Amino acid sequence: MSNRMWGGRFASGPAEIMEEINASIGFDKRLAPQDIRGSLAHVAMLGAAGILPPEDVAAIQAGLKTVEGEIADGSFVFDRALEDIHMAVESRLTTIVGPTAGRLHTARSRNDQVATDMRLWVRDTLDALDAQAADLQRALAETALKHAGTVMPGFTHLQSAQPVTFGHHCLAYVEMLGRDRGRFRDARVRLNECPLGAAALAGTSFPIDRHATAAALGFDRPTANSLDSVADRDFALEALAAASICAIHLSRFAEELVVWTSAQFNFVRLSDGYTTGSSIMPQKRNPDAAELVRAKSGRIIGALTGLMIVMKGLPLAYSKDMQEDKEGTFDALPALSLCLAAMAGMVRDLEPVAEVMKRAAGSGYATATDLADWLVRELNMPFREAHHVTGRLVGLASAQGIGLEALPLAAMREVEPRLTDAVYAVLGVENSVASRTSYGGTAPANVRAQAERWLAALGPA
């Protein structure tokens, strides 16, 4: 038997495998709240435009509210034979209000309907992700303020480079998340146009008011081209791109937590709440939450790549290929939400091991650059010459197995006779970080100021 919602042209129903590949109800039922919101706005507009009589509008609105309640309380039955959420809602509406339900689809198509539903869902999700990213920023800024002067090694090439503070390191991720939130907001601005009323691809001959529908659904305006309205999935691509960049940032921090919590580093400790044990090694405390955040970035990036490949060869306007926009998006954005929540929890949970980090910050001749800078400032030495002199001093200390701060002044003067004991003031790690007072530098005073600025901007939780 053909589908009674659209099968007038067909003498028989679809093959079993066709039903299997065609049905999307298993995943697009997630769009039920957005679908009903769109339908309520659409029928209200049809009534206001005089296209439907008031009694039909009232009946459809009451029926949609009933369906909404059934979906919310879990009593709604999703039937695979009805293919998608749009048909499922309309079928149940027909059972409730009778043939009048068929008037709801006047002046629209499933093409503009699903495009509207997806924009609403992505918009709602971007708002939620923005709030979660702000919460993670808040957690990081609070930690930065607490540890503005906690010294740790800064790395390049994963080799000790120069001392920084743990607070400064946390604020680096606050900045990244600030850009991520900017991308979420930018994506939201561009998606906030309403496709409803574009119909299948060419618009409609009914005297609809698309501006009214757009306003009712919180969109800034209706989309301006009916072909683009139903063929576009830029909004999903852009949301996934923003999510992918954010996931990369979270993955980098997760990787650092994995390294830092290892016995070899021991920079940071996580509680039982964010670690797991081993089934065979009783001593283990594994940073599984961080590892899963690191791994989920692959799923999120994969969803972006998958949808880009789906869209790259499609002619205008709608093709069934575009049904594949949903599963990846529905998986990726909630995955990012979970990662943001887990990372915020870990940041609030972790405890830096200050004495270990400080000791590591002083290893590897991390204050060599401070020494070179001192030579430039105090002896008016060209930086390249200062770099060479410092390199010789590092070599001398390394040969003796001691730090730069342990080199006797007499030994230093054999390399550069003009050196004085004032040089020792820049060789300690606290002195090093305190001297980095340039805007954006790691000096504890800078870190406190930046953390306070961010906390003021973010406001209370």
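The values are calculated or read from the model by the stated rules, or taken from the named source; none is laboratory data. Being a predicted model, the structure only gives us computed values, none of them experimental. Cβ atoms come from the backbone with ideal geometry, glycine included; neighbour counts cover every protein chain shown. All accessible areas refer to the heavy atoms of the entire protein, side chains included, with ligands and DNA or RNA removed. Shrake-Rupley method; radii C 1.70, N 1.55, O 1.52, S 1.80 Å.
Structure notes:
- Restricting the range 296-309 to residues that are out of contact with any Asp or Glu (no Cβ under 7 Å at 6 or more places or on another chain) and surrounded by 14 or more Cβ atoms within 10 Å (Cβ to Cβ) leaves a set whose member that is nearest to S251 (Cα to Cα) is S297.
- The residues of the range 209-246 that are out of contact with any Pro (no Cβ under 7 Å at 6 or more places or on another chain), open to solvent by 40 Å² or more (accessible area, probe 1.4 Å) and either closer than 14 Å to D112 by Cα or of a type in the set (A, V, I, L, M) (or both), listed by number, are A212, A215, A216, A224, N225, L227, D228, I245.
- Residue list for the range 212-266, filter: touching a strand residue (DSSP E or B) at 6+ places or on another chain (Cβ under 7 Å), in a helix (DSSP H, G or I) and not aliphatic (A, V, I, L, M): T213, W260
- Among the residues making up the range 423-440, those that are surrounded by fewer than 15 Cβ atoms within 10 Å (Cβ to Cβ) and modelled with pLDDT of 90 or more are T437, S438, Y439, G440.
- Candidate set from the range 192-228 (those that are out of contact with any Asp or Glu (no Cβ under 7 Å at 6 or more places or on another chain) and among the β-branched types (V, I, T)); member that is farthest from S39 (Cα to Cα): T204
- Test result for V77, assigned to a helix (DSSP H, G or I) and more than 16 Å from V230 (Cα to Cα): no
- Which listed residue is assigned by the TED database to the domain that holds L340 and free of Cβ contacts under 8 Å to residues at least 24 places away in the same chain, from D234, D272: D272
- When residues in the range 95-108 are screened for being outside any helix (DSSP H, G or I) and surrounded by fewer than 21 Cβ atoms within 10 Å (Cβ to Cβ), 1 of them pass.
- Here E405 qualifies as at pLDDT below 90, acidic (D, E), open to solvent by 50 Å² or more (accessible area, probe 1.4 Å) and over 26 Å from K146 (Cα atoms).
So that you can scan it fast, the table gives a plain yes or no per residue for (1) open to solvent by less than 30 Å² (accessible area, probe 1.4 Å); (2) among the basic types (K, R); (3) in the same structural domain as G178 (by the TED database):
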position	(1), (2), (3)
R285	no, yes, yes
M311	no, no, yes
K320	no, yes, yes
Q323	yes, no, yes
K326	yes, yes, yes
M346	yes, no, yes
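- Filter result (of a type outside the set (A, V, I, L, M) and either crowded, with 20+ Cβ neighbours inside 10 Å or not assigned by the TED database to the domain that holds R138 (or both)) within the range 328-344: G328, T329, C339
- Residue match in the range 444-451 (condition: among the polar types (S, T, N, Q), open to solvent by less than 70 Å² (accessible area, probe 1.4 Å) and farther than 20 Å from V151 by Cβ): no
- Residue match in the range 69-78 (condition: open to solvent by 20 Å² or more (accessible area, probe 1.4 Å), assigned by the TED database to the domain that holds P99, touching a residue at least 24 places away in the same chain (Cβ under 8 Å) and acidic (D, E)): no
- Flag if R384 is without any contact (Cβ under 8 Å) to a residue 40 or more places away in the chain, within 38 Å of the chain's Cα centre (by Cα) and either assigned by the TED database to the domain that holds E416 or open to solvent by 10 Å² or more (accessible area, probe 1.4 Å) (or both): no
- R92 vs. criteria outside the structural domain of A200 (by the TED database), modelled with pLDDT under 95, open to solvent by 20 Å² or more (accessible area, probe 1.4 Å) and not small (G, A, S): no
- Flag for A289 being closer than 30 Å to G50 by Cα, among the hydrophobic types (A, V, I, L, M, F, W, C), in the same structural domain as A131 (by the TED database) and buried (at least 21 other Cβ atoms within 10 Å of the Cβ): no
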